[in-house]
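What follows is a short report on a single structure.
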Amino acid sequence: MLKYLIKGGTLIDPSQELLGVYDLLIEGDRISRVEEDIFEPEAEIIDARGLIVAPGFVDLHVHLRDPGQTYKEDILSGSKAAVAGGFTTVVCMPNTDPPIDSPHVAEYVISKANCYGLCRVLPAGTITKGRKGREISDFWALKEAGCVAFTDDGSPVMDSDVMRKALELSAQLGVPVMDHCEDNSLATGDLNEGEVSALTGILPRPPEAEDVLNARDCILSLYTGGHVHLQHLTTSLGVDIVRYFKEKGANVTCEVNPYHLLFTEEEVLRSGANARVNPPLRKEEDIKALRGAISDGTIDCVATDHAPHAQFEKGRVDAAMPGMIGLQTALPIMLRLVSEEVLSLSRMIELMSVNPARILGIEGGTLREGAPADIVLFDIKKEWVLNEETNFSRSKNTPLWGKKLTGKVIYTIKGGRIVYKDN
Ligand code: DOR
């Protein structure tokens, strides 16, 4: 049996409130021991001195574009980017071509990902057939095929009755329904409504487009008991809405993207179409509220919304496809917030590993003895640049392209196998 002994690293595992210098032994695909000093002559040693050792990151929101748009990304390139970013599990969005609205598409994704064996790829199925917002997909069949959540991401579910039925099914099946909350009748423009949209003359996409659907979904969750997971929260009112409904006892969780914690709407003046995302980058006061909500627990997890697009789709801002890549930049962005004392390293790991695993109800997100050996080792000080040599995605649409980043994944281990090693 393959054995690895991770020696001398600083283990941080908020799932068991563990923080300190420990050795960790992996036997086969599981973590077998976590102790102060382990001697195991049969194990290959991984020197972790100076590194943080944490449960592998889990990303609830990734676009792998496979099947159908593999010129942007595919399951192999996306899995490589994921493990280079420290992710051992990703949930891939169903806005593929064809969409993941039938078991055979879900099975295609799972079997292709398993062939490569780099990262655990768990598909989300669509809420509605063809992501058209009308007829609910066969949740039972999709769950049976391996879907771990349902979402029409990229589009909201505009029809409240459809959403209510989806949440009733969620309550029966115990599977979260994730919603891209932007009311189509309000979200007609490309940039947040404010100075930048006025200055550039680009049509606005006001924050209330997001807030009204966030509030509606929380209300429907409260009445049905279904688990609604609000995707990419960006507004300060959104934070208040979630806080209010959590206090009321609604079965609601939510995520924030690292880039919504970093960039304001002004980034589009510097980075053009690479800063064009849905929902859009907002204002300083929204960022402040989001940052407060990741430290006080209102926001449950960080998810990248890794959204690769080709260069030719990122020309003019008002004609560009929305989205940024994010799998390899999530850790450096979050570490920057740690260095600015917005949150602790331990809370960061809770947001990136422990909580997303809990939201899905999957194994992982922990370094407990007996758990799957899904582990990330990272250096919080190592500087690097995201460029042609370091990028694993097939796309490069991010304002951070070519920029110096601080914080680098050194090893990613999935199921007891090293799936990424720096250099
Ligand atoms: O910016 C975005 N891009 N937001 C989404 O919700 C969808 C995504 C995409 O698929 O490109």
Residues (open to solvent by 30 Å² or more (accessible area, probe 1.4 Å) and more than 16 Å from the ligand (Cβ to nearest atom)) located in segment 170-199: ALA171, GLN172, GLY174, SER185, GLU193, GLU195, ALA198, LEU199
I'd like the residue in segment 303-343 that is over 19 Å from the mean Cα position of the chain (by Cα) and away from the ligand (no atom under 15 Å from the Cβ) and, out of all such residues, is least open to solvent (accessible area, probe 1.4 Å). VAL342
Looking for something part of a loop (DSSP other than H, G, I, E, B), touching a residue at least 60 places away in the same chain (Cβ under 8 Å) and more than 27 Å from LEU122 (Cα to Cα) - is there at least one such residue anywhere in segment 331-341? no
Where residues in segment 252-302 are in contact with a Pro (Cβ under 9 Å, 6 or more places away or on another chain) and in a strand (DSSP E or B), which of them is nearest to the ligand (Cβ to nearest atom)? GLU255
ILE26 part of a strand (DSSP E or B), at pLDDT 95 or above and open to solvent by 10 Å² or more (accessible area, probe 1.4 Å): no
Number of positions in segment 344-357 that are open to solvent by 30 Å² or more (accessible area, probe 1.4 Å), within 11 Å of ASP300 (Cα to Cα) and in contact with a strand residue (DSSP E or B) (Cβ under 9 Å, 6 or more places away or on another chain): 1
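One line per residue, one yes/no per condition, for (1) closer than 21 Å to TYR116 by Cα; (2) touching a residue at least 24 places away in the same chain (Cβ under 8 Å):
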{"position": "GLY364", "(1), (2)": "yes, yes"}
{"position": "GLU369", "(1), (2)": "no, yes"}
{"position": "ASP379", "(1), (2)": "no, yes"}
{"position": "TRP384", "(1), (2)": "no, yes"}
{"position": "GLU388", "(1), (2)": "no, no"}
{"position": "SER395", "(1), (2)": "yes, yes"}
{"position": "LYS408", "(1), (2)": "no, yes"}
{"position": "TYR411", "(1), (2)": "yes, yes"}
Would you check which residues across segment 153-169 are under 22 Å from the mean Cα position of the chain (by Cα) and open to solvent by 10 Å² or more (accessible area, probe 1.4 Å) and list them? GLY154, SER155, PRO156
Cβ-Cβ under 6 Å pairs, at least 6 apart or on other chains, segment 25-42 side closer than 13 Å to ILE6 by Cβ, far side among the β-branched types (Val, Ile, Thr): LEU25/ILE38
Any strands (runs of 3 or more DSSP E) falling wholly within segment 43-152 and containing at least 3 residues that are open to solvent by 20 Å² or more (accessible area, probe 1.4 Å) and either at pLDDT 95 or above or away from the ligand (no atom under 16 Å from the Cβ) (or both): 44-47
Can you name every residue in segment 205-258 that is closer than 25 Å to MET334 by Cα, open to solvent by less than 10 Å² (accessible area, probe 1.4 Å) and not β-branched (Val, Ile, Thr)? GLU210, ASN214, HIS229, LEU230, GLN231, HIS232, LEU233, GLY238, CYS254, GLU255, ASN257, PRO258
Could you please let me know if GLY8 is within 14 Å of ALA371 (Cα to Cα), small (Gly, Ala, Ser) and surrounded by fewer than 22 Cβ atoms within 10 Å (Cβ to Cβ)? no
Considering only segment 128-186, state which residues are touching a residue at least 60 places away in the same chain (Cβ under 8 Å), farther than 23 Å from ASP59 by Cα and not basic (Lys, Arg). SER160
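The values are calculated or read from the model by the stated rules, or taken from the named source; none is laboratory data. Quick caveat, the model's predicted, so the values are computed rather than measured. All Cβ positions, even for glycine, are placed from backbone atoms using ideal geometry, and neighbour counts span all protein chains on display. Only protein heavy atoms, including side chains, enter the accessible area calculation; ligands, DNA and RNA are left aside. Shrake-Rupley method; radii C 1.70, N 1.55, O 1.52, S 1.80 Å.
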